[in-house]
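The values are calculated or read from the model by the stated rules, or taken from the named source; none is laboratory data. Remember, predicted model here, so these are calculated numbers, not experimental data. Cβ: placed from backbone, ideal geometry, glycine included. Neighbour counts: every protein chain shown. Ligands, DNA and RNA are excluded from the accessible area calculation, which covers all protein heavy atoms including side chains. Shrake-Rupley method; radii C 1.70, N 1.55, O 1.52, S 1.80 Å.
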Amino acid sequence: MKNLILGAIWVGGRLLLGTCLGWEGIAGSVAEETKGSQSPDATGKAATAKESIPSQVGKPTPSQRADSRQPVQSQWGGSSNRNNLLQEGPLPIEWQIGHIDPSTGAWNPEGSKNIRWVARLGSQTYGAPVVAGGKVFCGTNNGAGYLRRYPPSVDLGCLLAFDAHSGRFLWQLSREKLSTGQAHDWPEVGICSTPLVEGDRLWIVTNRAEVLCLDTEGFLDGENDGPYRQESVTAEHEADIVWLFDMMGQLGSRQHNMASCSATAAGDLLFVCTGNGVDESHQHIPAPEAPSFLALDKRSGKVVWADNSPGKNILHGQWGSPAVGILGGVAQVIFPGGDGWLYSFLATAEQQKGRPKLLWRFDCNPKPTRWRSDGRGDRNELIATPVLWENRVYIATGQDPQFGEGPGILWCIDPRGRGDTSPELVVDRQGNPVPPTRLQAADPTAGHLLKPNPNSALVWKYTGQDLNGDGHLQFEETFHRTIAMPVIANGLLVIGDFAGLVHCLDAQSGKLLWTHDMLASVWASPLVADGKIYIADEDGDVLVFALSREKKILAENQMLQAVYATPTALDGFLYIATRTHLVAIGFPPEQRKAPEPQSPIHLPKATLPTSKFSNSLIPAEKSPKLDVSHFP
């Protein structure tokens, strides 16, 4: 049956109500739903459950049809659990780019090895490539100037679409810069988010803090998909907008420097961080009552629910992205908050007094730490994306990359708790709880005291370990700030940090197994594919490690430009976005062969049961009437 869910628009700090049709209810267990589901492929036709890919959408290749565990990369981190683990292969471990002309950006394949194609991106690229439906999508700026009406001198936020096998340019989404300038839309950084793709629809957060739904064909199909039909140009290489939601205009949020959330989805719910943050003084939060976390109906762009929990305690910006999965038998969406707390909500349309149902929250900063707007404090932000694995949530702390190195923490959290699951609580001298504050949670000068939280969900935390047993934490044994998310495969967790260290830990225990110094900052998250670890750094080096409890470097490759974005892979191609180019790496057709026997990668079971789309959760019960009287 179809349920009625409530849409809403945020105006003047209040939610105004509307309605939209919900999704079809799915009965039965997770296993039953997965077994009986259908999901659209890249052509829009339904694929049987045998062919569909758990938690992913895209047209299965023959090899994928043979192995139903094979995920299709369709969003940041490969799936809604954000664990960037792919069973792709065979993939090269060594390659050579050839030559790229520094003045024109043109690629000369002479001298290249295992390079299938190279395509121009903008002058700065921070968005990760996503592959779906035979296309590669990547956020960047307008430095390539693909459209005649926007020469490279015009600064834009852009999403570019290319043919996945040839690199042929298909279309460009162009979003002009906000008139408010760098306070909300930093020059030259372009679109920093990574899109979500399902079938012939794509969702992206733009530099203007818009959530857009696009037709993956652009105007190459000659059709203007609606309801949005206000595109000024509908030529074949232009993007086709299906709907647009303006978070600044409709919610009153004010992102700091940029909006960069990479959305994810469950059923017909699209989950987004708004980016609400401080102003240019770094001391004032212009819109503390505006939402930080948002659920939209992904078919229409209407608001389903919104939450502003970080409120007046936002430290800086909110540049993280949510993860979604079934944890402890419950559908949970995990948001990294701008106040340094991790929040879990019920990942359905169910609401309580105008808000989503909060399941738990976890303070990712030790209580005595202090925030400083110059980056010299030890209280950190959550810019990284949480990763869900084996009923555990993993999240690392960091700060704006411009603040450089500093201490970081990697947390492992049990998501089955409820309420405040932080390791410690803050009380006053009388034992009364002290509410969270922005700069410092526990101030000794105010008489604040700490006590262990009996409700703590901490499994382990990693700040470094004395790996060589000399009684001291050496540089190589210390975890630093990061904006990267870990990847977990075969019980091994791998993550990079701003100091350039790659850390490999036992994911269950948090025991450090090995580290490696890349000698340059690591922004990108690792990729595990074809049984190997691929990780890139700011110098443009991509190292390939064996997926092993002992460090083994298989190869080191130079990309000629800095790499800030996370690699991905599909159909035997490895895709890496450098600062200025998108590179497709793969064996020549005549050299492609089946991968050599190796230890199997144990892909997680489907995190989400499937229904109308294969990236779907059990839908919500009939939504209660939205009571806005208790919403700020």
Projected area averaged over all directions for the convex hull of the alpha carbon atoms of region 303-430, nm², comes out at 9.0 nm²
Per-peptide average of other Cβ atoms within 10 Å, ordering 571-583, 243-255 highest first
571-583, 243-255
Backbone HN-Hα couplings from phi across region 394-401 [Karplus 6.51/-1.76/1.60, Hz, Gly and Pro as x]
10, 8, 10, 9, x, 9, 3, x
If I compute solvent accessible area with a 1.4 Å probe over the protein chains, what percent of it on region 135-246 is carbon and sulfur?
47 percent
One would report the Cα pair-distance distribution of region 475-546, bin width 10 Å, in %, as 22, 59, 18, 0
Pull out the extension gain between Asp101 and Ile553, defined as 0.36 nm times the separation in residues minus the alpha carbon to alpha carbon distance; nm, one decimal.
159.7 nm
Suppose accessible area is computed on protein heavy atoms with a 1.4 Å probe; arrange Thr437, Thr216 from highest to lowest.
Thr437, Thr216
Let me make sure I get this right: for region 239-337, a, b and c are the square roots of the gyration tensor eigenvalues over alpha carbons, sorted descending. Under 1.5 in a/c it's rounded, otherwise prolate if a/b > b/c, else oblate. Which is it?
oblate
Taking a ≥ b ≥ c as the square roots of the eigenvalues of the Cα gyration tensor, with a/c under 1.5 meaning rounded and otherwise prolate when a/b exceeds b/c and oblate if not, region 191-303 is prolate
As a test question: what accessible area, to the nearest 10 Å², does Tyr228 have when a 1.4 Å probe is rolled over all protein chains in place?
50 Å²
Mind listing the phi-derived Karplus ³J(HN,Hα) values for region 246-254, rounded to whole Hz, using 6.51, -1.76 and 1.60 with θ = phi - 60°, and x for any glycine or proline?
9, 5, 5, x, 9, 10, x, 6, 9
Packing rank of 301-309, 468-476, 152-160, where each peptide gets the mean count of other beta carbons within 10 Å, highest leading
301-309, 152-160, 468-476
Mean Cβ neighbour count within 10 Å, used as a protection proxy, ranking 341-348, 370-377, 422-429 highest first:
341-348, 422-429, 370-377
